[in-house]
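Undergrad: Questions regarding the structure given below will be posed in turn.
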Amino acid sequence: MATAQSQSRRAPVAPDDAALLAGAESAAAAPGRSTARAESAAGAARTSAALGTGATNRRSRLSPMGRWLEVLNAFASRDEWGIRDLALQTGLPRSAVHRILHEMQRQDLLLTAPGGRFRVGPLLIRTALILADRLDVTRVARPVLDRVTASTGETAILCLYAPNRRQFWAVDAAESVHPIRYIWESLRDWNDLHVGSSGKGILAFLPPEEQGDILTRLPDPIPGLRPVPKSVLRQELADARERGYVISHSERFEGAVGASAPIRDATGRVVGDIVISWPDNRTSEAREVALGMVARDAAMEISRGLGYSPA
């Protein structure tokens, strides 16, 4: 909703091997060519081997701490590892992996599991939980919101997703200095995901099963200021997912335009979105694309601050 206010105010802080095909030519018929072919094949094999072992050689030059981090990061992607498969995964020597795993087990970072395998231990879990609890999304997002508003002149809003309710609410914003701007407090109550960029910035990027379940429960056509067939909404969400951001027009409030993009935590889970909103008297197709890209980049910056690393 765009409305006039005489003063601006700061919102409350509420990641080929090529096949060598050797012809069975007679050495007696063409001895010189056969020798040259053999030398060429040997050279290509040496080059291929060098390329294939490049990553392994790089890891073998890691410092002791670098090797520890390679092993530790592996447990972020899988619960359990054996020495052999972890050495293959990280490219580290088996002797180094053996030494690191057993040292981590002695420090209670890992526990032993059947079959000579290792899994995450109590000290590592405790440390992760304490650090995660200290990671405040609003604290990470606040400077990003301020920079977005300073660079665009428009209101930037942080919204968080409640998976159990399958709704979102706005928790913080940096407000535009324009006298006519989006009043973000209207989003502080619980809001549905299928209306406006503020909700669709989350909905478009949820796992397919979760998104599908939400859409299945909606009537067809979907009610709103402008009722939309469910098939149209599905296509809008697919298009947004492909480009990385959502654009909406007058869906939640008449005259409001929004651009949004998802925020992810360290596990890649969507935890909310960042929304840039402005009145339609300041919009154009080029501006919408530009602000959509700003939202996408800002959301990625916040996500990285929360530990996310795109694949």
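Undergrad: Considering each of SER198, SER186 in turn, give the residue that is more than 23 Å from the chain's Cα centre (by Cα), under 23 Å from ILE276 (Cβ atoms) and outside any loop (DSSP other than H, G, I, E, B). Step through it out loud before you land on a result.
TA: On the way: SER198 fails: more than 23 Å from the chain's Cα centre (by Cα).
Criteria check complete, one pass: SER186.
Undergrad: If we scan the range 150-163, do we find a residue that is surrounded by fewer than 17 Cβ atoms within 10 Å (Cβ to Cβ) and within 22 Å of the chain's Cα centre (by Cα)? Steps first, answer last, please.
TA: Going residue by residue through the range 150-163, those that are surrounded by fewer than 17 Cβ atoms within 10 Å (Cβ to Cβ) are 150-151, 153, 162-163.
After this cut, where a residue has to be within 22 Å of the chain's Cα centre (by Cα) as well, the list is 162-163.
Yes, the range 150-163 contains a residue that is surrounded by fewer than 17 Cβ atoms within 10 Å (Cβ to Cβ) and within 22 Å of the chain's Cα centre (by Cα).
Undergrad: Next question. Name the pairs whose Cβ atoms lie under 6 Å apart, with the first residue in the range 231-251 and among the aliphatic types (A, V, I, L, M), the second surrounded by fewer than 20 Cβ atoms within 10 Å (Cβ to Cβ) and at pLDDT 95 or above, and 6 or more positions between them or separate chains?
TA: ILE247/GLU288
Undergrad: Please count how many residues of the range 93-110 are surrounded by 19 or more Cβ atoms within 10 Å (Cβ to Cβ) and more than 23 Å from ALA266 (Cβ to Cβ). Steps first, please.
TA: At the first step, the residues of the range 93-110 found to be surrounded by 19 or more Cβ atoms within 10 Å (Cβ to Cβ) are 96-97, 100-101, 104, 109-110.
Pick out the ones that are also more than 23 Å from ALA266 (Cβ to Cβ) and you get 96-97.
Total satisfying the criteria: 2.
Undergrad: Considering only the range 111-126, I want to know if a residue exists there that is in contact with a helix residue (DSSP H, G or I) (Cβ under 8 Å, 6 or more places away or on another chain) and either loosely packed, with under 15 Cβ neighbours inside 10 Å or under 26 Å from LEU233 (Cβ atoms) (or both).
TA: Scanning the range 111-126 turns up at least one residue that is in contact with a helix residue (DSSP H, G or I) (Cβ under 8 Å, 6 or more places away or on another chain) and either loosely packed, with under 15 Cβ neighbours inside 10 Å or under 26 Å from LEU233 (Cβ atoms) (or both).
Undergrad: Kindly indicate whether VAL171 is assigned to a helix (DSSP H, G or I), hydrophobic (A, V, I, L, M, F, W, C) and either under 22 Å from ASP280 (Cβ atoms) or modelled with pLDDT under 95 (or both).
TA: Working: assigned to a helix (DSSP H, G or I): no; hydrophobic (A, V, I, L, M, F, W, C): yes; either under 22 Å from ASP280 (Cβ atoms) or modelled with pLDDT under 95 (or both): yes.
So VAL171 does not fit the description; no.
Undergrad: Going through ASP273, ASP265, ASP297 one at a time, which residue ends up being modelled with pLDDT of 95 or more and within 25 Å of LEU131 (Cβ to Cβ)? Full working, then the answer.
TA: Working: ASP265 fails: modelled with pLDDT of 95 or more; ASP297 fails: within 25 Å of LEU131 (Cβ to Cβ).
After applying the criteria, what remains is ASP273.
Undergrad: Residue pairs, Cβ under 9 Å, 6 or more apart or interchain, first in the range 163-180 and at positive phi, second part of a strand (DSSP E or B). List them.
TA: Sorted first by the residue in the range 163-180, then by its partner, the pairs are ARG166/ASP192.
Undergrad: Is there a residue in the range 58-81 that is of a type in the set (S, T, N, Q) and either under 30 Å from ASN281 (Cβ atoms) or at pLDDT 90 or above (or both)?
TA: Pass one, the range 58-81, residues of a type in the set (S, T, N, Q): 60, 63, 73, 77.
From what's left, either under 30 Å from ASN281 (Cβ atoms) or at pLDDT 90 or above (or both): none.
No - not one qualifying residue is present in the range 58-81.
Undergrad: Scan the range 261-291 for residues that are of a type outside the set (S, T, N, Q), buried (at least 20 other Cβ atoms within 10 Å of the Cβ), under 24 Å from ARG166 (Cβ atoms) and out of contact with any Pro (no Cβ under 8 Å at 6 or more places or on another chain) and jot them down.
TA: ALA261, PRO262, ILE263, ARG264, VAL271, ILE274, VAL275, ILE276
Undergrad: Give me the residue from the range 207-255 that is polar (S, T, N, Q) and either within 22 Å of ALA295 (Cα to Cα) or crowded, with 17+ Cβ neighbours inside 10 Å (or both) and, out of that set, modelled with the lowest pLDDT. So that I can check it myself, show each step before the final result.
TA: The first filter runs over the range 207-255 and keeps only residues polar (S, T, N, Q), leaving 211, 216, 231, 235, 248, 250.
From what is left, the residues that are either within 22 Å of ALA295 (Cα to Cα) or crowded, with 17+ Cβ neighbours inside 10 Å (or both) are 211, 235, 248, 250.
Numbers: GLN211: 97, GLN235: 96, SER248: 96, SER250: 92.
Among them, the one singled out is SER250.
Undergrad: Among (1) out of contact with any Phe, Trp or Tyr (no Cβ under 8 Å at 6 or more places or on another chain); (2) closer than 30 Å to PRO310 by Cβ, there is one condition ALA266 misses while meeting the rest; what is its number?
TA: Result: ALA266 fails condition (1) only.
The values are calculated or read from the model by the stated rules, or taken from the named source; none is laboratory data. Computed from a predicted model, the values in this text were never measured in an experiment. Here the Cβ is made from the backbone with ideal geometry for all residues, glycine too, and neighbour counts use every protein chain on show.
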